[in-house]
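Below is one structure, written out as structure tokens, with a few remarks after it.
The values are calculated or read from the model by the stated rules, or taken from the named source; none is laboratory data. Here the structure is a predicted model, which means the values were calculated and not measured. Neighbour counts are summed over all protein chains in view; Cβ atoms, including those assigned to glycine, are modelled from backbone coordinates with ideal geometry. The accessibility values were calculated without ligands, DNA or RNA, using every heavy atom of the protein model including side chains. Shrake-Rupley method; radii C 1.70, N 1.55, O 1.52, S 1.80 Å.
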Amino acid sequence: MTKPNNYATDPKFNRTIISVQEAQSRVMSRMKAGGVEFIPLEEAYGRHAAATVRSDVPVPHFCRSMMDGYAVRAADLASAGLEKPVRLRVTEEVACGTVASRSLRPGEAVRIMTGAQVPEGADAVIKLEETTECGSAGKRELELRQPVTEGDNLLPVGVEIEQGELMVGSGRRIGAGEMALLAMFGCATVQVHRRPRVAILSTGHELLDVSAPLEPGKIRNSNSFMLAAQVREAGGIPHLLPHVPDELERAKSVIMEAMKEFDAVVTTGGVSVGDYDVMYDLTNNWSGELLFNKVAMRPGSPTTVGLLHGKPLFALSGNPSACYVGFEMFVRPALLRMQGAHEPNPHRMTAALMEPFAKQDRFERFVRGNYATDENGNLTVRLAGIDMSNATITIRDADCLICIPPTNGVMPAGTRVDIIPLRLRR
Ligand code: AMP
Ligand code: MG
């Protein structure tokens, strides 16, 4: 038999509500960058740099030709005109990766390829299309009928990057551009933050393994797999624990073990006020610290975060949407901070609501949506299908979360709202 509820005095029903921003800052103020490791450059994509990399040489480090053509001395052609051609002697050819045998002297030109090193003495390159070679066998010559400007068609030393410039800042996520820069500066191994190892635990009597046949009253555990994907997207390494029923002692022993072994633990289910919601009791009476257990947000208001020996326990709602949103709001930023990211909180943009939103709420609501650009180039957003907070299908379809502020009326179409873009999916 279950005990009768006393709503007025039971602390489970009287939690302290804090705003999403306050909850995020409570989490972030306690997260720090984790350990570092050295990895080969080819494995560095998606990781976060743990050291600042600066250019140790200028780019280009030699004067490069931007064109196929001839390297010349501008002074030689100063007097050239339609009626007054100037003849230059073509002394040699410089292909990419080779260098001229000597510097260019007055009256000389060198045939040069795109990207090749411009010889000493030359100060401009004339495009191949703008010239014709003349001269007899063994004596190559160029006839030019107009002057050139010093610096034409060449890239001087350091024009793109100066020596000592910041290339990849510590904490920065390594994408395609960072990969190219690290390679340019010879970083065959890269110092990165370790990927946090994250244990994932679903709780609930109703849960079935993915491979189990459906039974009346039961559902397959889908949240663990969704969370594993979210952990990966945030740069972490997910570890799926077998789901546990709503039994405090079982859940507790699994979670306490996982807290020892992993950098963070994410649970789903059992955070609410129901009789079987064990996460409240667990985090209210444990050796760790409770950061919060009620956030002014929907879905996911009972989202709970605790800390044990500096490691976070994120207890998210079981409702798949609430679980998803709770992860995006709190777990993703925390995992990014553990990897050294400087601004890990979700990035907001504003967009015009394309349809009215009628649900009233005293809490900020995060609704799955799709954003687009209208014919004037302004961002617009509409709901991704039905706004059922327990719908999983719209997690697949949405490309943003629409942030609906607390309202006590209908929000008309055209209202500007914040959106949080989710990663590119399709
Ligand atoms: P709870 O937060 O435990 O009250 O769960 C809220 C709702 O989410 C219930 O309908 C659960 O059946 C569902 N749910 C809980 N855990 C999971 C899970 N791991 N996968 C899918 N649905 C879940
Ligand atoms: Mg449950």
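On the protein heavy atoms, probe 1.4 angstrom, tell me the percent of accessible surface of the chain carried by carbon and sulfur.
On the way: 11020 of 21130 Å².
The value for the chain is 52 percent carbon and sulfur by accessible area.
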Using amide H atoms built 1.01 Å from N in the peptide plane, name the residues 5+ places from Arg197, or on other chains, whose amide H lies under 5 Å from its own. Ile237, Asp263, Ala264
HN-Hα J in Hz across segment 36-53 - Karplus 6.51, -1.76, 1.60, θ = phi - 60°, x for Gly and Pro: 10, 8, 9, 10, x, 3, 5, 9, 7, 4, x, 8, 10, 4, 10, 8, 7, 10
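Just how large is the dipole of the chain about the Cα centre, in debye to the nearest 20, putting +1 at every Lys and Arg Cβ and -1 at every Asp and Glu Cβ? Could the numbers behind the result be given before it?
Numbers: 47 positive and 50 negative charges, 178 e Å.
Roughly 860 debye for the chain.
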Sorted by chain and then number, the residues having a modelled amide H within less than 5 Å of the amide H of Arg64, at least 5 places away or on another chain, are Val118, Leu155
Distance between modelled label sites at Tyr7 and Glu141, nm, 7 Å Cα→Cβ extension: 10.4 nm
Cleavage-rule hits (GluC sites (Glu not before Pro)) in segment 325-379: DSSP loop, at most 13 neighbouring Cβ within 10 angstrom: Glu375
The FRET efficiency for Glu375 and Ala176, from their Cβ-Cβ distance with R0 = 22 Å and rounded to 0.05, is 0.10
Distance from the Cα centre of segment 198-229 to that of segment 104-150, in angstrom? 72 Å
Under 5 Å between amide H atoms, partner at least 5 residues away or on a different chain: which partners does Val168 have, H built in plane at 1.01 Å? Val53
For segment 307-315, 3J(HN,Hα) per residue [Karplus equation, 6.51 cos²θ - 1.76 cosθ + 1.60, θ = phi - 60°, Hz, x = Gly/Pro]: 9, 9, 6, x, 9, x, 10, 9, 9
Projected onto the charge dipole of segment 76-232 (+1 at Lys/Arg Cβ, -1 at Asp/Glu Cβ, origin at the Cα centre), which of Ser211, Ser136, Gly177 gives the Cα projection farthest towards the positive end? Ser211
Please list 3J(HN,Hα) in residue order for segment 124-137, calculated via the Karplus relation 6.51 cos²θ - 1.76 cosθ + 1.60 where θ = phi - 60°; whole Hz, with x for glycine and proline. 7, 10, 9, 4, 4, 4, 9, 9, 9, 7, 10, x, 9, 3
Of the candidates Gly138, Gly310, Gly81, which one comes out as most mobile in a Gaussian network treatment of the chain with C-alpha springs shorter than 10 Å? Gly138
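Might you tell me the accessible area per residue for the chain, computed with a 1.4 Å probe and given in Å²? Don't jump to the answer; show the numbers that get you there.
On the way: 21130 Å² over 426 residues.
About 50 Å² of surface per residue is accessible.
So for segment 86-146: antiparallel DSSP bridges make up what percent, rounded to the nearest 5?
On the way: 6 of 11 bridges.
Close to 55 percent.
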List the pair-distance distribution P(r) of the chain, using every Cα-Cα distance, as the percent of pairs falling in each 10 Å bin from 0 up to the bin containing the longest distance, rounded to whole percents. 4, 17, 20, 17, 12, 9, 9, 7, 4, 1, 0
Pick from Gly34, Gly369, Gly158: which is most flexible by mean-square fluctuation in a GNM of the chain where alpha carbon atoms under 10 Å apart are linked? Gly158
If one computes the Cα centroid of segment 42-73 and of segment 234-295, what distance in Å separates the two points? 49 Å
Debye log10 I(q)/I(0) at q = 0.09, 0.10, 0.15, 0.19 Å⁻¹ for segment 265-378, Cα point scatterers: -0.31, -0.38, -0.75, -1.05
Restricting segment 102-155 to trypsin sites (Lys or Arg not before Pro) in coil, as DSSP defines it, with at most 14 other Cβ within 10 Å: Arg102, Lys139, Arg145
Could you list the residues of segment 51-90 with an amide nitrogen less than 15 Å from a label point located 7 Å from the Cα of Glu150 in the Cα-to-C-beta direction? 72-79
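As an exercise, take the mean of 1/r over every pair of distinct alpha carbons in segment 345-426, invert it, and state the Kirkwood radius in angstroms. Provide the component values of the computation, followed by the final result.
On the way: mean 1/r = 0.0778 Å⁻¹.
With all distinct Cα pairs of segment 345-426 included, I get 12.8 Å.
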How much length is gained on full extension from Asn14 to Val57, taking 0.36 nm per residue of separation minus their Cα-Cα distance? 9.3 nm
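To the nearest 0.05, how large is the calculated FRET efficiency for Thr415 and Ala229 if R₀ is 30 Å and r is the Cβ-Cβ distance? Walk me through the numbers on the way to the answer.
Working: r = 32 Å, r/R0 = 1.06.
Efficiency, rounded to the nearest 0.05: 0.40.
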For segment 1-90, what size does the Cα cloud have along each of its three principal axes, sorted from largest down, in whole Å? 108, 34, 24
With a cut-off of at most 13 other beta carbons within 10 Å, and DSSP calling the residue loop, which chymotrypsin sites (Phe, Trp or Tyr not before Pro) in segment 1-53 qualify? Please list them. Tyr7, Tyr45
In this structure, the FRET efficiency calculated for Ala188 and Val159 from their beta-carbon separation, with R0 = 22 Å, to the nearest 0.05, is 0.25
